[in-house]
1. Picking from 113, 55, which residue would you name as being closer than 17 Å to residue 126 by Cβ, touching a residue at least 12 places away in the same chain (Cβ under 8 Å) and more than 16 Å from the ligand (Cβ to nearest atom)?
2. With respect to the numbered conditions (1) touching a residue at least 60 places away in the same chain (Cβ under 8 Å); (2) under 19 Å from the mean Cα position of the chain (by Cα); (3) away from the ligand (no atom under 15 Å from the Cβ), which one is the sole condition not fulfilled by residue 239?
3. So the check is Cβ under 7 Å with 6+ separation or different chains; which pairs have a first residue in the range 293-310 that's touching a residue at least 24 places away in the same chain (Cβ under 8 Å) and under 19 Å from residue 268 (Cα atoms) and a second one that's more than 9 Å from the ligand (Cβ to nearest atom) and assigned to a strand (DSSP E or B)?
4. What about residue 217, is it within 11 Å of the ligand (Cβ to nearest atom), outside any helix (DSSP H, G or I), farther than 22 Å from residue 243 by Cβ and touching a helix residue (DSSP H, G or I) at 6+ places or on another chain (Cβ under 8 Å)?
5. Return the total of residues in the range 292-328 being in contact with a strand residue (DSSP E or B) (Cβ under 8 Å, 6 or more places away or on another chain) and within 12 Å of the ligand (Cβ to nearest atom).
6. For the range 160-194, give me each residue that is within 16 Å of the ligand (Cβ to nearest atom), over 20 Å from residue 253 (Cα atoms) and touching a residue at least 40 places away in the same chain (Cβ under 8 Å).
7. Can you report the number of residues in the range 116-140 which are over 21 Å from residue 244 (Cα atoms) and more than 16 Å from the ligand (Cβ to nearest atom)?
8. Criterion first (under 16 Å from residue 227 (Cα atoms) and surrounded by 15 or more Cβ atoms within 10 Å (Cβ to Cβ)) does residue 305 satisfy it?
Ligand code: UD1
């Protein structure tokens, strides 16, 4: 049974997926402490989590690449039982231009967290991985046994290397780890108090759709219309961020209750359904009544044609299943876009 108020450290807990996960952990009875260096998020997220859950989690601004800072933080919280590690740089394009920055940041922070855990006998670790490790998969839907393809970006490689670091670490320490390979997380909390904060032009599809609907962008470019898919546009497995967050609670429950079958496990987090770019534009219109102006444009370099998950393993082993559909994703993403705009007007 879960001990009441077991303390979980969430690194990167003020970020997009991290903040939604903190909400679900608190709702499930866990005590949460967040660390983040605020390089891509703000401390107001902690207040928002407090508004949603009625509990403001502890927050520390920590530079995880600095081992001494990490150690000082862990010394202040000797009762941490498990760690969910989100903190990472995540822009694919930026990582191609700045590979060393990505390797330095993403690998050092993970290594420092793991070393601190080892020194303190903290045994449970959940890692944010990505479907990017599958590259252009040979078979669809893709399951966890599919081969790992050579990464096209430094970002993707830090996820692959992050998984390899764990495979070796669990063999030589008490640490048990679960890697969760996210497909395409989208949407926002239904309260519209937390969501994905955009800095400049969005790279991802759904924020681009909502910004176009809002009038911040004149039109959406659909990258590629000659792929071998049902309508020629790329197919992805979009999953509501709240479903992704709930899978992390299931992974933590599994580790803490000793239900894991081996000391390193990997699970796909998707809905198992592939939607094309045009399907997503249609789903937005269906959910909101707003049409999106778009144009068919050339392919984007580095895009894979189609990828969607076989989620059988996560469904069976984690006892978890994505519950929210594409209209829920679009409705919540649109509500978030409007909330962000309203806040900017207030300020
Ligand atoms: C991206 C990352 C991936 C990361 C994932 C989750 C790239 C190449 N891949 O996946 O490594 O794990 O996010 O963070 O960046 N699209 C348009 N027009 C747009 C924007 C996107 O047509 O303005 C299309 C893309 O070509 C793609 C689909 O929409 O087919 C989804 O794109 P995006 O949201 O950027 O996610 P991914 O590229 O799948």
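1. 113
2. (3)
3. Filtered contacts from the range 293-310: 307/142; 309/142; 309/268; 310/142; 310/268.
4. yes
5. 13
6. 161, 162, 163, 183, 184, 185, 186, 187, 188
7. Final tally of qualifying residues: 10.
8. For residue 305, the condition - under 16 Å from residue 227 (Cα atoms) and surrounded by 15 or more Cβ atoms within 10 Å (Cβ to Cβ) - is met.
We did not get these values from a lab; they are worked out from the coordinates using the rules stated. Treat the numbers as computed from the prediction; the structure is a model and nothing was measured. Note: ideal-geometry Cβ built from the backbone for every residue, glycine included; neighbour counts use all protein chains shown.
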